[in-house]
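One structure is given here, and the rest of the page talks about it.
Values quoted throughout were computed directly from the atomic coordinates according to the rules given, and no laboratory measurement underlies them. From a predicted model like this one, the values you see are computed outputs, not experimental measurements. Positions of Cβ are backbone-derived with ideal geometry, glycine not excepted, and every protein chain shown enters the neighbour counts.
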Amino acid sequence: MSNELNILALYGILILVLILVEVLFSVLQLGVPYMSSPRDDAREKAGIAGRANRAVINCGLGMALFAPAIFILEAKTAFSANTLLMAQTYLIARVIYAVVYLAGIPYLRTLAFVVSMFANLYLYYLAL
C-alpha cells in the first residue's frame, strides 16, 4: 500500500478520534440519558462538545474531498514525491486544525484549514 493511502487511513483515524472526543464531551455536557435517546428535542452543544461536533463535520467534508484525489492518483499510478509531500502537508494541517479548533484558537485554525485546502487542490492538479 502506498504512503498516500496510509495517510488517507490516518486521516480516517483522526476523524474517528474526533468523534470519540465529541461523544465524550457531549455526554459530560448533556448526560447519558439524553445522548442515549433518539434526541428528538435537539439541544445545542456548547464549548468543546460544540467545537468537536463542528470539527467532525468539517473533517468529514474534508475527507470527501481528499479521498477522491488520492484514489484518482492511485488509479493513474501517479504517486510521486510531490503527491506524498502534499498528502503529508494535508494530514499535518488537518491535525493542527482539529487540535486548535478544540482549543478554540481562531486564526491558527483558519490558517491550518487554508493550508490543507491548498494541499488538496494541488493533489487534484497533480491528478489531472
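Would a scan of the stretch 39-62 turn up a residue that is more than 18 Å from the chain's Cα centre (by Cα), crowded, with 18+ Cβ neighbours inside 10 Å, in a helix (DSSP H, G or I) and of a type in the set (Val, Ile, Thr)?
We begin by selecting, within the stretch 39-62, every residue more than 18 Å from the chain's Cα centre (by Cα); these are 39-47.
Subset that is crowded, with 18+ Cβ neighbours inside 10 Å: none.
Looking for residues that are more than 18 Å from the chain's Cα centre (by Cα), crowded, with 18+ Cβ neighbours inside 10 Å, in a helix (DSSP H, G or I) and of a type in the set (Val, Ile, Thr), one finds none in the stretch 39-62, hence no.
Tell me yes or no: at least one residue of the stretch 18-30 is within 16 Å of Ile92 (Cα to Cα), touching a helix residue (DSSP H, G or I) at 6+ places or on another chain (Cβ under 9 Å), surrounded by 15 or more Cβ atoms within 10 Å (Cβ to Cβ) and touching a residue at least 12 places away in the same chain (Cβ under 8 Å).
Within the stretch 18-30, one or more residues are within 16 Å of Ile92 (Cα to Cα), touching a helix residue (DSSP H, G or I) at 6+ places or on another chain (Cβ under 9 Å), surrounded by 15 or more Cβ atoms within 10 Å (Cβ to Cβ) and touching a residue at least 12 places away in the same chain (Cβ under 8 Å).
In the stretch 63-79, how many residues are under 15 Å from the mean Cα position of the chain (by Cα) and aromatic (Phe, Trp, Tyr)?
1
Is it true that Phe66 is farther than 20 Å from Phe113 by Cα, touching a residue at least 12 places away in the same chain (Cβ under 8 Å), part of a helix (DSSP H, G or I) and not charged (D, E, K, R)?
Considered against the rule, which asks whether it is farther than 20 Å from Phe113 by Cα, touching a residue at least 12 places away in the same chain (Cβ under 8 Å), part of a helix (DSSP H, G or I) and not charged (D, E, K, R), Phe66 comes out as no.
Looking only at the stretch 112-128, which residues are out of contact with any helix residue (DSSP H, G or I) (no Cβ under 6 Å at 6 or more places or on another chain), more than 12 Å from Thr83 (Cβ to Cβ) and assigned to a helix (DSSP H, G or I)?
Val114, Met117, Phe118, Leu121
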